[in-house]
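Structure first, then comments.
Every read-out reported here was derived from the displayed coordinates using simple, explicitly stated rules and does not represent laboratory data. For clarity, every value in this text was computed on a predicted model and none was experimentally measured. Cβ atoms come from the backbone with ideal geometry, glycine included; neighbour counts cover every protein chain shown.
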Ligand code: NAD
């Protein structure tokens, strides 16, 4: 497997350093033959090349088997004509990575605030309210007068149907329960189309139980009893917000793994941002990034029918759980290790823990 590594901004270089150590250790343990190609995106690329993401990176990624992208300081990137492109958007859109899969679960070792749960948010990733990706060129936010802004949301039947199918297929591998989250009471046409598409696709999966919640009420339900959820499917912005909540409910935003997947390509990228408030302090939790890499290995293994990648992914997840239950973690989830030390511990656990196939 050939993988492109782009560490990103803020805490990205710290968490990606741990991630690459884990990938390299797993590659040795499971004979995966992974080769890593390190390059730049974000602020470092802007300083060196005058753009946050070079077009040739896209060609490189298309020839590779997977991409690990670090968190990006997207808030800083305001003007594409000055090379300030949002790299996350660039890859999601250019590679048509329409399904953003964001698992969240509780762990032994972190006091569960709301009882145990294990769910996955499946978020549409290529349209919705995201003005930098829902039009072919330019942006879909307009300054009408100095005091009036209009932001457009794009919802298409194709995107609704394919994200719904991704959610139902995932549910078939789990507890066979899909929850649709929407705002069809107000966004009657767009979310009306979304909810109808989900129910229609759901008919192809008669074993899967379906329910739906309005997004505002969903915030109360997921905080009240997260254990009732399995796979949650929703549109772009709702999924972005909800998945930060579910990651934090599981213990920390620093635990939230995230895979951006399409039909041909996939990109692992932690659910959190570049966390400038803690960057360079060796305290960021690397597990979100490592879990995202683990998701990428599983995606590649399933796609190419190579079980050893799936076993490697399960082993990484098991060792993350072991590190957490033994308190060998960063301080956001109760440990006292730095980012680097957490990485070293995880690599040792990978090498010393019995592999369950
Ligand atoms: P953030 O997700 O970076 O941080 C939110 C809070 O969570 C902060 O207190 C931070 O310290 C904490 N946190 C995040 N990751 C952590 C980790 N691994 N371990 C421990 N704590 C962690 O959100 P923000 O501060 O609002 O945004 C910072 C920048 O990141 C902005 O430029 C924003 O646009 C960008 N952003 C990028 C992505 C992405 O690249 N996918 C996602 C969200 C935000």
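Residue separation of residue 321 and residue 220 scaled by 0.36 nm, minus their Cα-Cα distance, works out to 33.6 nm of gained length. Going from the fewest other Cβ atoms within 10 Å to the most, the residues 186, 215, 53 appear in the order 186, 215, 53.
Spacing of the modelled spin labels on residue 137 and residue 24, each 7 Å from Cα toward Cβ, amounts to 4.3 nm. Under the simplified labelling scheme, the residue 38-residue 302 pair shows an inter-label distance of 3.1 nm, with each label point 7 Å from Cα along Cα→Cβ.
Convex hull volume per residue, computed on the Cα atoms of the stretch 111-249, equals 122 Å³.
log₁₀ I(q)/I(0) of the chain at q = 0.08, 0.11, 0.13, 0.14 Å⁻¹, via Debye over equal Cα point scatterers, no solvent, to two decimals? Evaluating at q = 0.08, 0.11, 0.13, 0.14 Å⁻¹ gives log10 I(q)/I(0) of -0.37, -0.73, -1.04, -1.21. Considering only alpha-carbon pairs that sit under 8 angstrom and 6 or more positions apart, the relative contact order computed for the chain is 22 percent. If you build a Gaussian network model of the chain, linking Cα atoms that sit under 10 Å apart, which residue out of 75, 90, 98 swings the most? Looking only at 75, 90, 98, the largest GNM fluctuation is found for 75.
Mean-square fluctuations from a GNM of the chain, with a 10 angstrom spring cutoff on Cα atoms, peak among 14, 136, 248 at 136. Rounded to the nearest 0.05, the FRET efficiency derived from the C-beta distance between residue 81 and residue 196 at R0 = 45 Å is 0.70. Our helix-only sum for the chain, with -39,500 (n - 2.57) per DSSP H run of n ≥ 4 divided by its residues, gives a mean residue ellipticity at 222 nm of -13000 deg cm²/dmol.
Counting other Cβ atoms within 10 Å as a rough exposure proxy, the listed residues 52, 345, 246 run 345, 246, 52 from fewest neighbours to most.
What is the antiparallel percent of DSSP beta bridges lying wholly in the chain, to the nearest 5? Counting only bridges with both partners in the chain, antiparallel ones make up about 45 percent. Residue order for 309, 130, 265, 49, fewest other beta carbons within 10 angstrom first, comes to 49, 265, 130, 309.
The ellipsoid that matches the Cα gyration tensor of the stretch 252-357 has semi-axes, each √(5λ) in whole angstrom, of 24, 18, 9, with the longest given first. Overall, the ratio between the Cα radius of gyration of the stretch 81-191 and 2.2 N^0.38 Å, rounded to two decimals, is 1.34.
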